[in-house]
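Since every read-out is calculated from the coordinates, none of them should be taken as a lab result. Please read all numbers here as calculations on a predicted model, not as lab measurements. Ideal geometry is used to build each Cβ from the backbone, glycine not excepted, and the neighbour counts take in all protein chains shown.
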């Protein structure tokens, strides 16, 4: 009897641990070989056959197609430089110089990877349409309400993800340090 | 008693680890809504299809880049190799090859291709090995890609640097073709 109870307990606990760990890793997007620069994180190996089993399982579950290594690299940010998670009711400013790439795009998604509805129908900026100052620096304002200059609307949703995709770039699997690929800073401006 | 409980818990941990690893490894095969499955209803086999642009209301796949026009060829090499022809658009253009389970195994952009048209032959390792030798020589300037799986996806992306250029990017992709090569004459 004790043996039976013990094995039941063990099996239930094992299932809970195993499935719980799988669910956690796949929803959090755990993968190896992360390249973090400031608030931005990329997984360059996910765009090649060296993709690890966790990233493979994650993309199979979400149904997305990763950016291929010969094409470019995608950086994700879910919080600003100090670690405050993005809140669509607050405003954030991204500032800096363009990273080393032939083209880049910056897109705002909800946590499920959908574009966010807004009045001016803007979901992203490309490197070609951004307004810069004389030195080539730019500021992108991410805010629920209209801002002058480069305004990327949040639509007022609670949580969002920013994806910075660099196309035809030297930044990739071999990049090790922040110096090789400086990424723009993200600062929270105000919260209403 | 305490030792016995400890042993049961230790067993549960080991077993849980096995459950975790096997579910992670099985996920790509078990997933019902992966990219290939999402594209199956909109993209016929071995035909280039331009996808609808993602909007806040609807998108074929999550995390699509809205600045790009996208065309997909859902291929099946079980009968014959495939030939891909893609004219390069004015702006940035790339071709990425994915296996049935969304692993990107090859990607090339317009600059790396270095021509006005990207031309590629896609075949399985077996089909490449079966190719007559003379043909391999005459085809020295042909770019041959080996697909690790019979089925998979070719994704063409053309950048519209400004929203006004989207129509042009989509037109450029409209001229792209993927078709099964006519069988070699006996």
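If you fit an axis through the alpha-carbon atoms of helix A:53-62 and take the longest principal axis of the Cα set of chain A, what angle between them do you get, 0 to 90°, nearest 10? On a 0 to 90 degree scale, this one is about 70.
With contacts taken as Cα pairs under 8 Å at a separation of at least 6 residues, chain B carries a relative contact order of 28 percent. Spin-label model, residue A:78/residue B:29: points 7 Å from Cα along the beta carbon direction are separated by 2.9 nm. Relative to the longest principal axis of the Cα atoms of chain B, the long axis of helix B:2-30 lies at roughly 10 degrees.
Only helices enter this figure: runs of n ≥ 4 DSSP H residues, each worth -39500 (n - 2.57), summed and divided by the residues of the protein assembly as shown, yield -8000 deg cm²/dmol at 222 nm to the nearest 500.
Here the relative contact order of chain A, from alpha carbon pairs under 8 Å that lie six or more residues apart, stands at 27 percent. Averaged over the residues of B:68-78, the number of partner chain Cβ atoms lying within 10 Å of the residue Cβ comes to 1. Computed from Cα positions, the angle between helix A:2-28 and the longest principal axis of chain A comes to roughly 10 degrees. For region B:40-95 versus region A:1-40, the inter-centroid distance based on Cα atoms is 36 Å.
To the nearest whole percent, what portion of all C-alpha pairs in region B:35-84 is separated by more than 19 angstrom? Beyond 19 Å sits 31 percent of the P(r) for region B:35-84.
Nearest 0.05, what FRET efficiency do residue B:13 and residue B:52 give at R0 = 35 Å with Cβ-Cβ as r? The formula returns an efficiency of 0.15 here. Note on the protein assembly as shown: Cα-Cα pairs beyond 27 Å make up 54% of the total pair count.
Where a ≥ b ≥ c are the square roots of the eigenvalues of the C-alpha gyration tensor, would you call region B:49-135 rounded, which needs a/c under 1.5, or, failing that, prolate if a/b is larger than b/c, or oblate? Oblate, because a/c is 1.5 or more while a/b does not exceed b/c. Just check region A:26-136 against the gyration tensor rule for me: Cα atoms, a ≥ b ≥ c as the square roots of the eigenvalues, rounded for a/c under 1.5, and otherwise prolate or oblate depending on whether a/b exceeds b/c. Prolate, since a/c reaches 1.5 and a/b exceeds b/c. Shape of chain B from its Cα gyration tensor (a ≥ b ≥ c, root eigenvalues): rounded if a/c is under 1.5, otherwise prolate when a/b > b/c, or oblate? Because a/c hits 1.5 or more and a/b fails to exceed b/c, chain B counts as oblate.
If you take the alpha carbon atoms of region A:59-192 and fit the smallest convex hull around them, that volume is 125 Å³ per residue. Shielding of peptide B:99-110 by partners, expressed as the average count of other chain Cβ atoms within 10 Å per residue Cβ, is 6.
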